[in-house]
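The values are calculated or read from the model by the stated rules, or taken from the named source; none is laboratory data. Predicted, not measured: the structure shown is a model, and the values here were computed from it. So basically every Cβ, Gly included, is an ideal-geometry build from the backbone, and we count neighbours across all protein chains shown. We work out accessible area using only protein heavy atoms, side chains counted, and drop any ligands, DNA or RNA first. Shrake-Rupley method; radii C 1.70, N 1.55, O 1.52, S 1.80 Å.
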Amino acid sequence: VDDPHPGQPYKGGNFIAFLPDNKDGQKTAMLLKKAFERGLTFQIKSCNGEERVTWGLIPHKTSWNGGKARNGYPDSQYLREVCAVL
């Protein structure tokens with residue numbers, strides 16, 4: 001629905017996100033899976049004249065370090081925040 005140019009080709013990508021392997025992380029993983037199945041995890045955006053897949057509005061931790069400012073850990077609020085979004 002939100003594809004800026006339906007029917008036109010777009011580039012994919014490799015996306016990696018991290019969750020802790022504990023009860024809260026596993027609960028979050030199940031919610032993220034449901035969001036993925038409903039098409040909410042990614043979006044297609046125009047970037048420098050070409051369409052490409054990007055992260056959607058759901059925040060993901062893409063690094064084990066770097067803190068909140070760099071989408072990494074430590075971030076003591078992340079699981080609570082992402083579950084609220086989901």
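The share of accessible area on segment 23-85 that comes from carbon and sulfur is 55 percent, using a 1.4 angstrom probe.
The accessible-area ordering, largest first, of the residues VAL85, VAL53 stands as VAL85, VAL53, per a 1.4 angstrom probe. Amide H to amide H, with H built 1.01 Å from N, PHE42 comes under 5 Å of GLY56, counting only residues 5 or more places away or on other chains. If you run the Gaussian network model on the chain, springs between alpha carbon atoms under 10 Å, then out of ALA35, ALA69, ALA17 the most flexible one is ALA69.
Counting only DSSP beta bridges with both residues in the chain, the antiparallel share comes to about 75 percent. In the context of the full set of protein chains, residues of the chain present 75 Å² of accessible surface per residue (probe radius 1.4 Å, heavy atoms only). Listed options for volume of the Cα convex hull per residue in Å³ are (i) 89; (ii) 132; (iii) 106. The value calculated from this structure is the one marked (iii). A helix-only calculation puts the chain at -8000 deg cm²/dmol for mean residue ellipticity at 222 nm, using -39500 (n - 2.57) for each DSSP H run of at least four residues, averaged over all residues. Ordering GLY7, PHE42, GLY72 by the projection of their Cα atoms onto the charge dipole of the chain, which places +1 on the Cβ of Lys and Arg and -1 on the Cβ of Asp and Glu, puts GLY72 at the extreme positive end.
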